[in-house]
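Participant: Quick one: this structure, given as structure tokens, is what I'll be asking you about.
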Amino acid sequence: MAMATSTQLSSSLFHSQITKKPFLLPATISVHGFSTRRLKSLSLSHRSSVSALSASSAVDVTEPVKKPVRTLPFRVGHGFDLHRLEPGYPLIIGGIDIPHDRGCEAHSDGDVLLHCVVDAILGALGLPDIGQIFPDSDPKWKGAASSVFIKEAVRLMDEAGYEIGNLDATLILQRPKISPHKETIRSNLSKLLGADPSVVNLKAKTHEKVDSLGENRSIAAHTVILLMKK
């Protein structure tokens with residue numbers, strides 16, 4: 001059986017140090033003419049030290065720096081609301097009392113347009129919806145004017161450093177006809193938002209006598225809003 005000399009052993013060890021490759025001892029070595037078989041323990045010891053070094057390097061990793069939240073130059077929000085129409089309630093749309101034989105059954109005044117505008121603003125800001133901020137389980141909102149909700153939404157928008165770029169709202173109801181009241185509603189909505197009327201648009205659609213909306217049993221509204229950084 002061939003035995004490695006001490007000179008060969010030193011050379012192999014030096015080569016291992018330079019190349020960073022694991023140093024494996026031969027099965028039998030010869031030191032000053034004497035053979036020894038302790039290489040298994042030496043080889044294992046060397047491997048253990050290499051493994052420990054690798055583990056140490058793996059642990060010593062710099063934590064990634066968290067990036068600050070980026071301020072967006074604009075934000076887009078969408079709001080939707082729907083209420084049942086029942087006899088004995090006032091029909092309030094955009095803060096305006098509209099003559100009709102039915103009105104919105106709701107915890108507050110049931111203003112479907114203002115409710116969906118509030119949700120659009122809150123959505124654009126990434127905040128909870130109107131039901132979470134003004135829960136219908138809270139008695140203080142019973143019969144409350146929805147203008148209170150709009151003012152709070154506008155305050156949160158101002159606090160975040162945004163203003164209205166433009167707003168587009170659509171009312172969906174079979175009756176009554178909204179066209180005679182449209183400009184009054186739009187003007188009041190602009191005033192509540194503190195926005196120029198030129199950036200506030202209002203449309204009204206029937207539901208072609210389909211389902212509860214078309215049967216004059218409910219009213220709905222959609223709103224899309226663009227908020228711009230001040």
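The values are calculated or read from the model by the stated rules, or taken from the named source; none is laboratory data. These numbers were taken from a predicted model, which means no experiment stands behind them. Positions of Cβ are backbone-derived with ideal geometry, glycine not excepted, and every protein chain shown enters the neighbour counts. Note: accessible area is taken over every heavy atom of the protein model, side chains too, but ligands, DNA and RNA are not part of it. Shrake-Rupley method; radii C 1.70, N 1.55, O 1.52, S 1.80 Å.
Participant: Exactly one condition in (1) surrounded by 14 or more Cβ atoms within 10 Å (Cβ to Cβ); (2) without any contact (Cβ under 8 Å) to a residue 24 or more places away in the chain is false for Val117; which is it?
Facilitator: (2)
Participant: Then there is this: Considering only segment 60-84, state which residues are open to solvent by 60 Å² or more (accessible area, probe 1.4 Å) and at pLDDT 95 or above.
Facilitator: Across segment 60-84, the qualifying residues are Pro73, Phe74, Arg75, Val76, His78, Phe80, Leu82, Arg84.
Participant: Counting only residues that are in a loop (DSSP other than H, G, I, E, B) and more than 17 Å from Ser179 (Cα to Cα), which one in segment 200-215 is most open to solvent (accessible area, probe 1.4 Å)? It would help to see each step written out before you state the result.
Facilitator: Residues of segment 200-215 that are in a loop (DSSP other than H, G, I, E, B), as a first pass: 206-210, 215.
With more than 17 Å from Ser179 (Cα to Cα) added as a condition, the list becomes 209-210, 215.
Details: Lys209: 156, Val210: 76, Glu215: 103 Å².
Taking the candidates together, the pick is Lys209.
Participant: Contact list please: Cβ distance under 9 Å, first residue in segment 138-155 and closer than 24 Å to Ala124 by Cα and open to solvent by less than 20 Å² (accessible area, probe 1.4 Å), second residue modelled with pLDDT under 85 and outside any loop (DSSP other than H, G, I, E, B), pairs at least six apart or on different chains.
Facilitator: Phe149/Ile133; Phe149/Trp141; Ala153/Ile133
Participant: A further question follows. Which condition number in (1) part of a helix (DSSP H, G or I); (2) under 17 Å from Asn201 (Cβ atoms) is the one that Arg155 fails?
Facilitator: (2)
Participant: Just give me the residues in segment 98-107 being open to solvent by less than 20 Å² (accessible area, probe 1.4 Å) and within 14 Å of Ala145 (Cα to Cα), in sequence order.
Facilitator: Cys104
Participant: Limited to segment 85-97, what total is found for residues that are buried (at least 19 other Cβ atoms within 10 Å of the Cβ) and assigned to a strand (DSSP E or B)? Write out each step before concluding.
Facilitator: Narrowing segment 85-97 to residues buried (at least 19 other Cβ atoms within 10 Å of the Cβ): 85, 91-95.
Right, trim to assigned to a strand (DSSP E or B) and you get 85, 91-93.
Count: 4.
Participant: Same structure, new question: Restrict the check to segment 219-228 and report whether at least one residue is over 21 Å from Pro90 (Cα atoms), among the hydrophobic types (A, V, I, L, M, F, W, C), out of contact with any Leu (no Cβ under 8 Å at 6 or more places or on another chain) and outside any loop (DSSP other than H, G, I, E, B).
Facilitator: yes
Participant: Given (1) surrounded by fewer than 17 Cβ atoms within 10 Å (Cβ to Cβ); (2) of a type in the set (Ser, Thr, Tyr); (3) within 25 Å of His107 (Cβ to Cβ), identify the lone condition not met by Thr184.
Facilitator: (3)
Participant: Would you check which residues across segment 120-137 are of a type in the set (A, V, I, L, M, F, W, C) and open to solvent by 10 Å² or more (accessible area, probe 1.4 Å) and list them?
Facilitator: Here is the first cut: in segment 120-137, the ones of a type in the set (A, V, I, L, M, F, W, C) are 120-122, 124-125, 127, 130, 133-134.
Correct list: Leu125, Leu127, Ile130, Ile133, Phe134.
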